[in-house]
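Data block below; observations after.
Just so you know, all these numbers are worked out from the coordinates, no wet-lab data involved. Just so you know, these numbers come straight off a predicted model, no measurement behind them. Ideal geometry is used to build each Cβ from the backbone, glycine not excepted, and the neighbour counts take in all protein chains shown.
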Amino acid sequence: MCGAVRYVVEAEPLNERICHCRSCQKAVGAAFNARLMFRADEVELTGPVKTAFSSPGVKRGFCAECGTTVLSGREAAGVLAVTSGSLDEPALFRPTVHIWVSSKQLWLKLDDGLPQFAEAAPA
């Protein structure tokens, strides 16, 4: 939001998903987390990022200046996901699936035709 944290990724995302799990809901303060996942070594990150573990093995990152959530990742898997709302051009986000819809907010209607999984998507 404030621009203090920046990242550059030249690679194509491994996946682009909308996660409805409670951990994501709490971390981003919204009904879901729309994010793009990359190999961690493909993401060049600069700025004052604070991190915290939100669940076993999942680290979340936010701007130390304004508090905006910008990333999450699994260090053991070598992946890092950036929030679609933090993109300079958020319209580039092209989700392919909804995951953890078992935790989806009851008022949210998913009628975009994307596949839905009760928990994680198959590998």
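Under the combined filter of DSSP loop state and at most 13 neighbouring Cβ atoms within 10 Å, the range 29-123 retains these trypsin sites (Lys or Arg not before Pro): LYS109. Each stretch of four or more DSSP H residues adds -39500 (n - 2.57); spread over every residue of the chain, this sum gives -1500 deg cm²/dmol at 222 nm. State whether the range 6-103 is rounded, prolate or oblate according to the following rule on the C-alpha gyration tensor (a ≥ b ≥ c being the square roots of its eigenvalues): a/c under 1.5 gives rounded; otherwise a/b larger than b/c gives prolate, and the remaining case gives oblate. It is rounded, given that a/c, with a ≥ b ≥ c, falls under 1.5. The distance linking the range 52-75 with the range 8-42 is 11 Å (Cα centroid to Cα centroid, whole angstrom).
Site-free segments of the chain were taken between GluC sites (Glu not before Pro) in DSSP loops having at most 12 other Cβ atoms within 10 Å, sites themselves excluded; the longest one is 11-118. Taking 12 Å as the cut-off, the amide N atoms of the range 22-45 that come nearer than this to a point 7 Å along the Cα-to-beta-carbon line of LYS59 belong to 40-41. Straightening the chain between MET1 and ARG74 buys 23.9 nm, computed as 0.36 nm per residue apart minus the Cα-Cα spacing.
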